[in-house]
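Worksheet: one structure, shown below.
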Amino acid sequence: MTIDTQKTAQPNAAVAHDRYSTVAMALHWLIAIAVLAMFGTGLWMVEAIDVKETRADAFAVYQWHKSLGLSVLVLMAARIIWRLTHRPPALPMGMKPMEKLAAHSTHAAIYVLLVAVPLLGWAMVSASVFGLPTIWFGLFEWPHLPVLSGLENKKPVEDWLRLAHGWVAYVLIGLVVLHLAAVVKHTVIDRDDILKRMLPGGGRNKD
């Protein structure tokens, strides 16, 4: 009986080290949902705000877009702290060294841009000549960055930040698409457990 118990315990131990923790999963999917919503609202409002019939709705969506971006910033701070204190599961053994390098590089770039995009958005709003407040999901006012909000000549700074925010967001979209394509490849072609590691259920999570 002792031998059988040890044998059955080994697969479970392996599973525990092959999956992300519940906290990591929650942060990943909350950020993913918020980012997709940011992409959708951002792409729509930049066009709608120039149309008289949709301008009022665009300003309302703009507040939601800012709230989503600031939420991503806070969630990313939590995710980075969690990542630094909890080692993620290793990549599948069957992956080639170049594939592992590409995976790590893409993940690192996505992490950086998930911080950079909302930071640039926050900076742009702070330097806006309109000085509109940011009301986080209608609950409370999120402060502007004091250095930028106090500028005398805001227009050129706001224009530069808007351009940077837009271009960096497009790069992030490209990396997210690349990330999704890699997940599809691993699931359909390689048939490994990359996707399962970030889905709830199916065994114990990594501590």
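Throughout, read-outs are computed from the coordinates displayed, never taken from laboratory work. These figures come from a predicted structure and were not determined experimentally. Note that each Cβ is placed from the backbone with ideal geometry, even for glycine, and that neighbours are counted across all protein chains shown.
Here are some notes:
- Kyte-Doolittle mean at least 0.5, axial Cα span of 27 Å or more - DSSP H helices of the chain: 22-48, 55-85, 97-126, 155-184
- Label-point separation, His107 to Arg191 (7 Å along Cα→Cβ), nm: 2.5
- For the chain, the relative contact order is 31 percent, taking Cα pairs closer than 8 Å that sit 6 or more residues apart in sequence and dividing their mean separation by the residue count.
- Taking all Cα-Cα distances within the chain, those exceeding 21 Å account for 61%.
- Qualifying trypsin sites (Lys or Arg not before Pro) in segment 48-128, where qualification requires a DSSP coil assignment and no more than 16 other C-beta atoms within 10 Å, are lacking entirely.
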